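As structure tokens, the structure follows; a few thoughts come after it.
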Amino acid sequence: MLVLAAATSCVPQPRGVREAAPQPAPLAAQPLLRELALDVPADAVAPEAAALPGATLAPAPPFSGQAASADDAARAADCLTAAVYYEARSEPVEGQRAVAQVVLNRVRDRAFPRSVCGVVYQRSSRGCQFSFVCDGSMERQREPNAWDRAAAVARGALAGLVYDPVGSATFYHTTAILPWWAPSLSRIGTVGTHIFYRWRGGMERALAFRQSYAGVEPGTAPMPLAAADAPPMATVLAEEVERTGGVTIHRGEKTLIAEGKAPVQQSGGVRIHRGVPAPAAPGDGGAIIGDEESPT
């Protein structure tokens, strides 16, 4: 891992990072989710849920999801390895395991995508979930030994190893900053250079470990954000795409669809669009959990 160039946190920063200014009062459930740019059904969390007493911190359940295919399993491992490597490659193994645990906790949280790559490459109109995907970090040459170490951590986490100290954590930031969202979450503790958080009170009961792994991994290339005057998009996750004879075939957990444009056919995770502009192919583009190198 490279030396820290800037301190970061693990969510988009619509209000910016507040290091010296007084922290705001904790936000209620729905305003917090909106500020975090997370798409959660309005009836999933009661408005007063965040203020309810929280459960005792307990270890996360082992990750036991089964990939739909060998390719999906390989993509999941690669995405989790990338998150561990770019987020925590200078950390001791405990810090790397903590980051991997956060990713897999998000996969099983109702506020986040149901796939590993979906979580790592998640983005919204407000920015990326993992800033290393957007800031050019992946264009730099990898350190082979550090990548192999991150891959071993990822394999262990996917195989069911749990890093108990961070429990149900789904957020973290470096010790150098105090982001705006911190007062609205429950602080768990510090591992290495990162401070970890979980949902407060009833939000944790409503969201944490309440969804199952989809088993299907979208393509790993990030998609560019839509232009301001472009039609709203159903999602901004990247995916595998085929184009032929005016027909666009999307493969993956989620599909980028212009509002009002319904797929002609849908079956087994494959959506076929006729006469609908296709999203950029993987590799054309840009997802925040705490990048070690650029502000998020």
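Rule-based calculations on the coordinates, nothing more; no lab input. From a predicted model like this one, the values you see are computed outputs, not experimental measurements. Note: ideal-geometry Cβ built from the backbone for every residue, glycine included; neighbour counts use all protein chains shown.
Here is the list for segment 41-97: GluC sites (Glu not before Pro) lying in DSSP coil, each with at most 11 other C-beta atoms within 10 angstrom of its C-beta, are E48.
For segment 57-113, the average shadow cast by the Cα convex hull is 4.7 nm², which is a quarter of the hull's surface.
Each label point was placed 7 Å from the Cα along the Cα-to-Cβ direction; for M138 and A152 their separation is 2.5 nm. No solvent, one uniform scatterer per C-alpha: report log10 I(q)/I(0) for segment 29-207 via the Debye equation at q = 0.15, 0.17, 0.18, 0.19 1/Å, two decimals. Evaluating at q = 0.15, 0.17, 0.18, 0.19 Å⁻¹ gives log10 I(q)/I(0) of -0.87, -1.13, -1.27, -1.41.
Of the trypsin sites (Lys or Arg not before Pro) in segment 121-177, the ones in a loop by DSSP (not H, G, I, E or B) with at most 15 other beta carbons within 10 Å are R126, R140, R142. Put a dot 7 Å past the Cα of S69, heading toward its Cβ, do the same for N145, and the two dots end up 3.7 nm apart.
Can you tell me how much longer the chain between Q30 and L57 gets when fully stretched, taken as 0.36 nm per residue apart minus their C-alpha distance, in nm with one decimal? Before the final figure, lay out the partial values.
Details: separation 27, 0.36 × 27 = 9.72 nm, distance 2.29 nm.
Answer, rounded to one decimal: 7.4 nm.
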